[in-house]
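Data block below; observations after.
The values are calculated or read from the model by the stated rules, or taken from the named source; none is laboratory data. Since this is a predicted model, take the numbers as computed values, not measurements. With ideal geometry, Cβ positions are generated from the backbone for all residues, glycine too; neighbour counts draw on all protein chains shown. Keep in mind that these areas ignore ligands, DNA and RNA; they rest on the heavy atoms of the full protein, side chains included. Shrake-Rupley method; radii C 1.70, N 1.55, O 1.52, S 1.80 Å.
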Amino acid sequence: PRAVGVSKQDIREQIWGYMESQNLADFPRPVHHRIPNFKGASHAAEQLPRLQAFKTARTIKVNPDAPQKSARFFVLESKKTLLVPTPRLRTGLFNKITPPPGATKDILRKCATSQVPPERLGRQDRISKTCSIGNCLTSSNWSVPAPVDPAR
């Protein structure tokens, strides 16, 4: 049952306000009306290679938003196929990015951002039809374990 007077937008506004007031966001600011880049996003992404689901996946879908830039880099560094949804569905549903063999970390970082079109750095295919993807990990089903406190 939905709480009376509370909408998804109300919750977003509360979270955006909290992130701004507590200085929890990184650039770009302000965070209102966007998927915010949060402090600690890179650290969270560093945990991905430890997940069993990440280890066994061959193809991983990661959203194109700034907080997930490091996650996209780790997917490419692990020599996995990266699926990135096409922003605002301009063309196709996903960009399928496979970096070139022997790519340096600098090239992988560029592939993981929008600095350079991926088709200039690696192999990129647009996926625009319904398809079945097996053994695929998506950013919406990650479960990153909490960091271990070395004092414990």
Karplus 3J(HN,Hα) series, Hz, for the stretch 29-43 with 6.51 cos²θ - 1.76 cosθ + 1.60 (x for Gly, Pro): 10, x, 8, 4, 6, 8, 7, x, 8, 10, 5, x, 4, 5, 4
For the stretch 43-96: accessible area per residue (Å², 1.4 Å): 50
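Among 95-107, 7-19, how do they line up from the highest to the lowest mean number of other beta-carbon atoms within 10 Å? Don't skip to the end; give the middle numbers.
Values: 95-107: 14.5, 7-19: 12.5.
Highest to lowest by the protection proxy: 95-107, 7-19.
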When each of LYS55/LYS110; LYS8/LYS105; LYS8/LYS80; LYS8/LYS55 is checked by Cα-Cα distance, pairs over 31 Å: LYS8/LYS105; LYS8/LYS80; LYS8/LYS55
Relative packing of 20-33, 70-83, which averages over residues the other C-beta atoms within 10 Å, highest first: 70-83, 20-33
Label point distance in nm, GLU13-GLN47, each placed 7 Å from Cα along Cα→Cβ: 3.1
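Expressed in nm to one decimal, what extension gain is obtained for the pair THR104 and SER21 from 0.36 nm per residue of sequence separation less their Cα-Cα distance?
Residue separation times 0.36 nm, minus the Cα-Cα distance, leaves 26.0 nm.
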Net charge, ASP26 excluded, C-beta distance under 11 Å - Lys, Arg +1, Asp, Glu -1: +3
